[in-house]
Amino acid sequence: CAGYHLQGVSFRGANLRGANLRGVDARGAVFDGADLTGADCSEALLQGASLRYARLHRASFRQAMLLSAHCEHALVREANFTGANCEWAWLEGVDFQDVLVTCALFLNVRGLSDSTRYTLETRGAFTGTRPMILGRELYEGTS
C-alpha cells in the first residue's frame, strides 16, 4: 500500500482488522472508533490523523509519523510504536503499559500523565518538550 493517498478519508467506526496500511499517506484521515487490531501502519504518514477511541491492539506503527495526531482514549494493547514520531500528539487516556516504544518520540505531547510519561521513558521512548522550529528559525541562530 506504500504510496496510496488516503488524505482526509473517513474510516470512522470501520473494521480494519489486519489491514495493510504500510507506508500510506493518511494525513488528516479519521479513524475514530475504528478497529485496527493487527493492522500494519508501519512507515505510514498519519500527521493530523484522528484515532480517538480506536482499537489498536497488536497494530504496528513502526516508524510511523503521528505528528499532531489525535489519539485520545485509543486502546493500544500490545501495539508497536518502535521509532514512531508522536510529537505534538494528543494522548489523553492512552495506556502504554504493554506497548513497544523503543526510540519513539513523544515530545510536546498533550494529555500524558506522569505515570504514563515514566512508562514511556523506561521503555526507551523520548519525552519532554522542545520549541517548534518553523521557517528560517531552523537555519538562523538565535541572537
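Please sort by residue number the chymotrypsin sites (Phe, Trp or Tyr not before Pro) in segment 32-131 whose DSSP state is loop and whose Cβ has at most 13 other Cβ atoms within 10 Å. Please list the in-between numbers first.
Details: sites: Y53, F61, F81, W88, W90, F96, F106, Y118, F126; in loops: Y53, F61, F81, W88, F96.
Answer in residue order: no site qualifies.
With the crude spin-label approximation of a point 7 Å out along Cα→Cβ, what separation in nm comes out for D95 versus Y118?
Between D95 and Y118, the label points sit 1.7 nm apart.
If you project the alpha carbons of segment 1-80 onto their three principal axes, what span does each projection cover, largest first, in Å?
So the three principal-axis extents are 27, 21, 18 Å.
Would you kindly compute the Cα radius of gyration of the chain and its largest Cα-Cα separation (Dmax), both in Å?
Taking only Cα atoms of the chain, I get Rg and Dmax of 14.8, 52 Å.
Roughly to the nearest percent, how much of the accessible area of the chain is carbon and sulfur, given a 1.4 Å probe?
Carbon and sulfur together cover 51 percent of it.
Can you give the calculated 222 nm mean residue ellipticity of the chain, where each DSSP H run of n ≥ 4 adds -39,500 (n - 2.57) and the sum is split over every residue, rounded to the nearest 500 deg cm²/dmol?
Numbers: 1 runs with 9 residues, N = 143.
Theoretical 222 nm ellipticity from helices: -2000 deg cm²/dmol.
Label-point separation (nm) for T102 and N20, each offset 7 Å from Cα along Cα-to-Cβ?
2.6
Counting Lys +1, Arg +1, Asp -1, Glu -1, what net charge surrounds A34 among other residues with beta carbon under 15 Å of its beta carbon?
Once positives and negatives cancel, what remains is +1.
The values are calculated or read from the model by the stated rules, or taken from the named source; none is laboratory data. Just so you know, these numbers come straight off a predicted model, no measurement behind them. Glycine gets a Cβ as well: all are built from the backbone with ideal geometry, and neighbour counts include every protein chain shown. Side chains included, ligands, DNA and RNA excluded: accessible areas come from the protein's heavy atoms. Shrake-Rupley method; radii C 1.70, N 1.55, O 1.52, S 1.80 Å.
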